[in-house]
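Remarks on the structure that follows.
The values are calculated or read from the model by the stated rules, or taken from the named source; none is laboratory data. Being a predicted model, the structure only gives us computed values, none of them experimental. Note that we place each Cβ from the backbone using ideal geometry, even for glycine, and neighbour counts take in every protein chain shown. What goes into the accessible areas is simple: the full protein's heavy atoms, side chains included, and nothing from ligands, DNA or RNA. Shrake-Rupley method; radii C 1.70, N 1.55, O 1.52, S 1.80 Å.
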Amino acid sequence: MRVLVIGAGIGGLCLAQGLRRAGIDVRVYEREESAEARYQGFRIGIGGLGLEALRECLPPRLHPVLEASTGEISGERPMVDEQLREIRQLGAMHGGTATDRHVLRHLLMAGLADRIEFGKRFVRYTELEDGTVRAEFADGTGATGDLLVGADGGNSPVRRQLLPDAEVVTIDGNGVLGRTPLTERFAGLVPGFGTVVNGPGTRMLLGKMEFRRPPHLAAAELAPDVELPETGSYLRWAAFLPDPAGPRPADWEGVRDLLLAHMAGWHPDLVELVRQSDVVNSSVLTVRYAKPVPHWGTGPVTLLGDAVHVMPPSGGMGANTAFRDAALLCRELAAVRRGEAGLRTAVERYEREMLEYGFAAVAQSLEQLPTFAPSSWTVGAR
Ligand SMILES: Cc1cc2nc3c(=O)[nH]c(=O)nc-3n(C[C@H](O)[C@H](O)[C@H](O)COP(=O)(O)OP(=O)(O)OC[C@H]3O[C@@H](n4cnc5c(N)ncnc54)[C@H](O)[C@@H]3O)c2cc1C
């Protein structure tokens, strides 16, 4: 059995790790030219079933590296005003792990060098008469397998071909996502799990990515064959400009400058946090969510992660759900490899379960959107 995975994001790579552990032939195709080609480095909180699933897929020898190259995410969630005066507490959260997406992606590539091909932009697939599927790439090459998994993110071209009527809604709003090196001055802004700044007309969400150990050093000591990026601890912040209909600069600096103009008179620590952000690792933030889709009738093509159930980051569940998908699909395909199930039956079981918890997570994330967005903000599609 050969599995083709489209997309080397954290979901597709987690699947590839799990399949390799299960002794299944897997190939991953990524459109980007390299793992460094694009901004990837925001903080992702993982925990519960998502963390368990990630550990299930990752070889045990890499678990200590995962532990050392992540941080704690736990404690109170104060809501403060723009002068950092406490308004109320949103309730403590415990037991989470803060990961950096760029570091995690590198960890998830460990040992897969001969299975991942970069510079392969998927354009279409064809179901062949013998039940296999052929993927075609923009460079004119192709690959054939027994199962093709679209793990190609919220804009998934695999989903667009498989489910042309599936709807993904983009929520109006000028979002900005920033990352600022962690200094003593800024550490106090996030005393616990995270801080919500409820300023006039906009909200900012602050989170801390404080690595237990510098990831590159942790890897060098615990698994010398694994190379993790050299990256420092930081505060991650996200904000939306109050006027969704206002100017919409395409570049990050443009949105940041609009935000800074809006923050005149705010507490100097907050203004400096935005001013000192690291341009390379910050980006414009687009929030999308997928509308539920019914089961589509199993074939040799399926979907995983944001490709099927992209959701707003408000619930902190997108990556956790993608890891659940990866572990579940691995378990099902491992049963096929052992001769305990047919491929179509196993994939259908995966799809039905995944659609249920995946879209429940989308709904939960949408419910939590008001904490994330300014109170004046209306959720609308564009
Ligand atoms: C600001 C922010 C904060 C978040 N915080 C959290 C959090 O705290 N907890 C949490 O669980 N989730 C969080 N998420 C969600 C999480 O980042 C996503 O759910 C997760 O990255 C999805 O992984 P994926 O592999 O499905 O998709 P992606 O990470 O989008 O990966 C898709 C990959 O497919 C590739 N690709 C796309 N098109 C093609 C093509 N045509 N051919 C080949 N390759 C292609 C892309 O280049 C990419 O590498 C957050 C998201 C954001 C934006």
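Within segment 211-222, restricting attention to residues that are open to solvent by 10 Å² or more (accessible area, probe 1.4 Å) and among the aliphatic types (A, V, I, L, M), which residue is farthest from V274 (Cα to Cα)? Step by step, filter segment 211-222, then rank; the result is L222. Contact annotation: residue pairs with Cβ atoms under 7 Å, 6 or more positions apart or on different chains, pairing a residue in segment 303-321 that is under 10 Å from G9 (Cβ atoms) with a partner that is among the acidic types (D, E) and within 7 Å of the ligand (Cβ to nearest atom), are A307/D152. Here E272 meets the list (1) part of a helix (DSSP H, G or I); (2) in contact with a strand residue (DSSP E or B) (Cβ under 6 Å, 6 or more places away or on another chain) almost entirely, failing just condition (2). Do you know which residues across segment 139-165 are of a type outside the set (V, I, T), outside any strand (DSSP E or B), open to solvent by less than 60 Å² (accessible area, probe 1.4 Å) and out of contact with any Asp or Glu (no Cβ under 7 Å at 6 or more places or on another chain)? Within segment 139-165, D146, A151, D152, S156, P157, R159, L162, L163 qualify. What pairs come out if I take residues in segment 21-32 that are among the acidic types (D, E) and modelled with pLDDT of 95 or more and pair them with residues that are outside any loop (DSSP other than H, G, I, E, B) and within 6 Å of the ligand (Cβ to nearest atom) whose C-beta lies under 6 Å away, six or more apart or interchain? Filtered contacts from segment 21-32: no entries. Kindly evaluate A98 against the criterion of being among the small types (G, A, S) and open to solvent by 40 Å² or more (accessible area, probe 1.4 Å). No; evaluated as a whole, the condition is false for this residue.
Quick check, is T298 surrounded by 15 or more Cβ atoms within 10 Å (Cβ to Cβ), touching a residue at least 12 places away in the same chain (Cβ under 8 Å) and not in a helix (DSSP H, G or I)? It is true that T298 is surrounded by 15 or more Cβ atoms within 10 Å (Cβ to Cβ), touching a residue at least 12 places away in the same chain (Cβ under 8 Å) and not in a helix (DSSP H, G or I). Residues of segment 291-307 that are closer than 16 Å to Q161 by Cβ and touching a strand residue (DSSP E or B) at 6+ places or on another chain (Cβ under 7 Å): G299, P300, V301, T302, L303, L304, A307.
Could you list all residues from segment 234-246 that are buried (at least 19 other Cβ atoms within 10 Å of the Cβ) and over 12 Å from N281 (Cα atoms)?
Those that are buried (at least 19 other Cβ atoms within 10 Å of the Cβ) and over 12 Å from N281 (Cα atoms): A238, A239, F240, L241, P242, P244.
Scoring K208 on the criteria (1) part of a loop (DSSP other than H, G, I, E, B); (2) open to solvent by 10 Å² or more (accessible area, probe 1.4 Å); (3) within 15 Å of the ligand (Cβ to nearest atom); (4) in contact (Cβ under 8 Å) with a residue 12 or more places away in the chain leaves a single failure, condition (1).
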